[in-house]
Amino acid sequence: MRDVEFLPTWYTQWQKRRRLLFLQVWISIVLALGLGFWVFLANRNRCDAEDALGTIKGQWQQTNLQVQQMERMEALSKQWRQQAEVLGRLGEHVKSSQMLAKLAEMMPPTVSLLSLELAVEETPIQVTTPPKSGGKETATPPMDRRLRVKLLGVAPTNLEMATFVIELNKIPFFDHVAPTYARDRREAGHVLREFELTFNVNLNAATGN
């Protein structure tokens, strides 16, 4: 027996269009979710790449700072060797290696020296006691000999600089340890405290004046 269709044609077409519309809506939702997920992954990958780039930049800056410090220490070591030759001719009671070792010992790990200058100052000593009768006058008057030391360095803050000054003041043969100036210094994106210190070393013999 032949089936009889009781629904009108327009209703059947309307149902087909509705099903097609629902299908299009679901496809749009799926595409939107997929696109949103892709954007999320892209943003996350971008953030990860930026974090990795920031880490690499930080490591590069740290490496660059370490290279600069190594170059600075190498130049300073060369300068110290030259100054040590000068100190070696000043007398056995002044040991250049002892002074340099004391500086290295008292210097905090975060403090770096940029330069070291040495100069010998000689001042004639006025003799108040007249020479004995019949005695020969001294051809060369006695001299008060002092080693003038000036060093330039950098520290993270004033606290490390002050600690360095306090430690140097504890060394018996360092006289008049005092900073001459302290100012900010920008290096490799970091702000440091540049400072200059001066002190004297007594070059007179232990039994002398």
**OP:** Using 0.36 nm per residue of separation minus the Cα-Cα distance, give me the extension gain between Q126 and A75 in nm, one decimal.
**Re:** 14.2 nm
Original post:
Any idea how far apart V39 and I27 come out in nm if each label point goes 7 Å out from Cα toward Cβ?
Top reply: 2.2 nm
Original post:
What residues qualify as long-range amide H neighbours of N204, i.e. H under 5 Å apart, gap of 5 or more or another chain, H built at 1.01 Å from N?
Top reply: R145
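Read-outs throughout are calculated quantities, based only on the coordinates presented, and are distinct from any laboratory measurement. What you are looking at is a predicted structure, and each value in this text was computed from that prediction instead of being measured. Positions of Cβ are backbone-derived with ideal geometry, glycine not excepted, and every protein chain shown enters the neighbour counts.
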